[in-house]
Amino acid sequence: MKNHTILRTLGIRAALLTGALLLSAAGCDADVAVDLDVDPPNLGSGGSLGVCGDGQLGLGEQCDHGPNNGPGQVCRSNCQLNVCGDLELGPGEECDQGSANGDHKPCTSQCLHAVCGDGLLGPGEACDDGNDVDGDACTNACVLASCGDGITQPPETCDDANTVDDDACRNTCAAATCGDGVLQTVVGEQCDHGPANGPAAACRANCLLNVCGDGDLGPGEQCDNGANNGDHAGCKLDCTINVCGDGHAGPLEGCDDGNAVNDDGCTDACTVPTCGDGIVQATEACDDGNAIDTDACTNACTAAACGDGFLQAGEACDDGAGNSDGGDCTLACTIAVCGDGLVHDQGSGHETCDNGPNNGPHKGCLAGCQLNVCGDGDLGPAEGCDDGNLAAGDGCSPVCTLETCGSGVVDPGEQCDDGMDHDQDDGCTDLCSAPVCGDGFTQPSLGEECDLNDVNSDSGACTLNCKQNVCGDGLLWVGVEQCDGGADNGEDKPCKPDCTGAICGDGFAAPGEGCDDGNLVNEDGCTNACKLPTCGDGFVQAGEQCDAGAGNDNNGSCTLACKVPACGDGFVQLGEGCDDGNLVQTDDCPNHCQLPVCGDGYVWAGHEPCDDGNATQGDGCFECQPAKRAFVTSTTYDGNLGGLAGAAAKCQTRADAAGLGGTWDVWLSTDAGSPSTRFAPPLPGYRRIDNTILANTLADLTDGTIDVALSVTELGSTASASDVWTGSSPNGQATTATCTNWTTNSSAVTGEYGRSNGTNASWSDNGNPATCNGLRRLYCFEI
């Protein structure tokens with residue numbers, strides 16, 4: 001009996017051991033403790049088996065913890081081990097739905113709740129990659145990466161989780177860039193017409209509106225010289241070309257009054273009016289545009305007139321002020337000849353009389369313009385006889401009277417004889433001749449006022465009509481009257497009422513005079529040449545700085561505008577290298593009128609990018625070349641940059657997109673090279689896009705610190721506190737973390753990075769490298 005009992009006990013133990021091994025082999029919960037303490041059961045006096053819950057492992061029981069059996073315990077109330085999949089929540093289990101458990105069910109095959117990040121695709125999950133990397137194909141929320149989820153995943157360059165297309169990240173998850181056709185005001189764009197951007201377009205290549213004054217010839221503009229625009233420059237402030245008649249005196253224009261009136265203070269050719277320009281001004285009697293003095297208009301712009309000293313058409317002579325009715329050239333500009341009625345007794349003349357057509361035999365003045373005198377053999381008006389001698393007793397006395405006159409008898413040769421009663425007005429003179437004008441006797445009964453015998457002359461005191469020569473009779477009394485125009489005498493006529501000739505300075509404007517103020521002051525409203533004041537008359541008038549008359553010259557000491565030569569007047573004077581007539585400092589002629597040269601302190605537009613007026617290296621401008629520019633990219637990249645060449649190409653692309661021009665390299669190191677070996681030292685130094693000096697030299701750039709944070713992007717925006725791939729120490733040399741020379745974006749590889757807000761070593765090396773699957777910016781340097 002004992003042996004039988006032992007055998008049964010052994011059998012029970014073997015069964016339990018076999019069950020435990022089977023449970024273990026089936027992969028049951030490793031936390032389940034199997035108690036194999038199977039002392040021989042007390043079969044009792046009746047020989048019955050133990051029961052579940054008695055704390056003794058009986059036949060068919062996997063466990064029995066007595067009162068500790070039950071729900072949620074290692075040993076269930078049926079003395080079966082609590083295992084995953086038995087529909088009862090056991091120790092260490094979060095759930096147990098029995099056969100409904102599964103890797104894609106709410107309760108996994110491990111009896112754990114399905115959660116995002118467990119690597120199992122559970123209900124409601126689009127994906128589950130079992131990691132906490134938010135930038136791969138499956139986000140930390142177990143949804144598939146997509147544009148607009150707020151997480152930047154390759155090939156996205158940004159993701160701001162909105163559908164706004166005009167902020168820094170477009171709704172296609174591409175970084176906003178100038179030229180993408182979408183207006184992004186947050187990055188400073190004023191316009192963006194996509195591929196239509198560019199020179200001469202409404203929107204320039206840098207996404208700024210093409211406006212007058214930007215130096216780019218835009219739609220509707222005739223010209224645009226940027227800062228050189230000006231109302232007195234070739235291109236005006238409204239970007240129209242400066243032309244004559246626009247009211248603005250431009251280069252090479254002496255004036256511009258904005259009208260087409262030729263005879264005001266500025267001609268319609270935009271020149272200051274001068275005598276000889278062919279335009280009759282108010283101060284000119286004429287202007288035929290030539291320097292010929294012998295035509296109808298002199299080169300002093302006065303009408304041709306006798307007495308001006310120039311031989312005009314119809315004049316036989318003109319001695320100017322030397323003209324005289326007693327001289328070789330008369331006041332009528334005719335050559336003095338016998339018979340002209342003028343006594344030519346000056347110069348080459350030897351006339352003693354000239355009664356014009358009344359010259360001749362038996363006249364007071366003979367045909368040769370010599371006085372008819374007693375003894376010349378010609379019976380003159382006052383002679384009773386003239387036998388050609390002055391002898392007495394030959395019938396004709398020495399005074400040319402008949403020696404028989406006075407007998408009271410009319411003898412042969414006598415016209416009458418009243419016995420010489422000394423009454424010359426009784427019809428018979430004491431010369432026994434009938435009274436006649438010119439006989440030397442005044443006969444009032446015949447209307448004579450005088451009779452000076454052979455001295456009668458229309459140019460003398462007694463005229464040929466025996467009238468007193470008076471002013472206004474139209475006869476010139478030589479030596480007494482200067483002129484006599486008869487009824488034409490007048491204050492404003494060539495001959496004045498007192499028979500004096502009109503002269504400049506008499507207070508009356510006569511023909512040929514522009515004015516006459518009666519004084520000899522040249523600098524008032526009327527010159528002493530009786531001309532209205534004008535530039536070029538030789539007198540410095542109000543508003544004029546100088547006036548050299550005919551000596552005015554735009555390249556001389558007084559310009560044609562009567563201005564003292566000065567830098568900025570548009571004329572190159574002695575000592576000036578140039579003069580473009582404006583005060584623009586940056587064009588081909590600065591406002592000190594010397595040709596532009598590097599070092600003069602003025603930026604020569606189109607030729608010099610900078611000019612700080614010194615020869616100091618590292619101050620941002622040296623030898624008129626500016627400091628090299630640098631920026632941090634507005635876009636981000638993972639560690640697979642395409643190697644060093646690919647990274648440099650990304651810098652060039654960003655610079656080109658922003659319209660910066662130039663050639664660009666990247667602040668990045670590989671095993672093959674680093675910035676300290678690739679970058680050529682620029683003498684002017686380095687500067688940010690906003691022109692703030694970053695470093696004075698390459699040595700300064702690589703000394704461990706920079707002057708300011710390199711936080712300005714190619715677009716001019718600020719990227720503060722951003723990570724930037726470098727692979728470089730602050731001395732510009734390579735570190736060991738370079739994302740396999742920038743060819744991988746693996747999360748298992750790292751790359752060195754800096755911080756865009758740093759000025760100490762952290763600007764290039766922030767400390768610990770980062771995994772290459774992250775997105776970071778690049779530093780770009782102009783080379």
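Values in this text are rule-based calculations from the coordinates and carry no lab data. Not measured: the values here are computed from a predicted model. Here Cβ is always computed from backbone atoms with ideal geometry, including for glycine, and neighbour counts include all displayed protein chains.
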> What residues have an amide H closer than 5 Å to that of CYS365, excluding those fewer than 5 places away on the same chain, when H is modeled at 1.01 Å from N in the peptide plane?
Replying inline: GLY360, ASN372
> Taking θ as phi - 60°, what are the ³J(HN,Hα) couplings along region 168-177 by the Karplus curve (6.51, -1.76, 1.60), each to the nearest whole Hz, with x for Gly and Pro?
Replying inline: 6, 10, 6, 6, 9, 6, 10, 4, 4, 9
>> Relative contact order of the chain, please, whole-number percent, based on alpha carbon pairs below 8 angstrom and at least 6 residues apart.
In response: 5 percent
>> For volume of the Cα convex hull per residue in Å³, one of (1) 229; (2) 153; (3) 179 was computed from the structure I shared and the rest are decoys. Which label?
In response: (1)
>> Can you find, among PRO684, GLY662, LEU698, the residue sitting farthest towards the positive end of the charge dipole of region 621-782, where Lys and Arg contribute +1 and Asp and Glu -1 at Cβ?
In response: GLY662
> Which aspartates and glutamates, on any chain, are close to LYS531 with Cα under 13 Å apart, when same-chain ones fewer than 8 places away are left out?
Replying inline: GLU284, GLU513, ASP516, ASP517, GLU523
> Using alpha carbon centroids, what distance separates region 109-172 and region 350-426, in Å?
Replying inline: 150 Å
>> Take GLU94 and THR692, extend 7 Å from each Cα along the Cα→Cβ direction, and tell me the distance between the two endpoints in nm.
In response: 4.9 nm
>> I want the local charge near GLU623. Using Cβ-Cβ distances under 11 Å, sum +1 for each Lys or Arg and -1 for each Asp or Glu among the other residues.
In response: -3
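Calculate the tail of P(r) for region 621-782: the fraction of all Cα-Cα distances greater than 26 Å, expressed in %.
Details: 2108 of 13041 pairs.
Distances greater than 26 Å cover 16 percent of the Cα pairs.
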> Residue-wise, which Karplus ³J(HN,Hα) couplings in Hz belong to region 270-277, taking 6.51 cos²θ - 1.76 cosθ + 1.60, θ = phi - 60°, and x for glycine or proline?
Replying inline: 6, 10, 5, x, 9, 4, x, 8
> Among the aspartates and glutamates, which have Cα under 15 Å from the Cα of LYS628 when same-chain residues fewer than 8 positions away are ignored?
Replying inline: GLU608, ASP611, ASP619, ASP665, ASP690, ASP700, ASP707, GLU714, GLU782
> If one takes the longest principal axis of the Cα atoms in the chain, at what angle in degrees, from 0 to 90 and to the nearest 10, does the Cα axis of helix 2-25 lie?
Replying inline: 10 degrees
>> Helix-only estimate, please: 222 nm mean residue ellipticity of the chain, summing -39500 (n - 2.57) across DSSP H runs of length 4 or more and dividing by its residues, to the nearest 500.
In response: -2000 deg cm²/dmol
> Taking LYS236 as the anchor, which lysines have their alpha carbon closer than 26 Å to its alpha carbon, excluding any fewer than eight residues away along the same chain?
Replying inline: LYS563
>> Can you tally the net charge around ASN766? Count Lys and Arg as +1, Asp and Glu as -1, for every other residue whose Cβ sits under 13 Å from the Cβ of ASN766.
In response: 0
> Give me the log10 of I(q) over I(0) for region 615-684 at q = 0.11, 0.19, 0.26 Å⁻¹, as the Debye formula computes it from C-alpha points; what are the numbers?
Replying inline: -0.33, -0.87, -1.21
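Determine the sum of side-chain charges near ASN355: Lys and Arg each +1, Asp and Glu each -1, restricted to other residues whose C-beta is under 9 angstrom from that of ASN355. Walk me through the numbers before you get to the answer.
Working: positive: LYS363; negative: ASP354, ASP458.
Here the charged neighbours net out to -1.
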> Tilt of helix 643-657 relative to the longest C-alpha principal axis of the chain, in degrees (0 to 90, nearest 10)?
Replying inline: 40 degrees
> Could you give me the ³J(HN,Hα) list for region 708-719, computed from phi with Karplus coefficients 6.51, -1.76, 1.60 and θ = phi - 60°, whole Hz, x at Gly and Pro?
Replying inline: 9, 5, 8, 10, 9, 7, 4, 8, x, 7, 9, 10
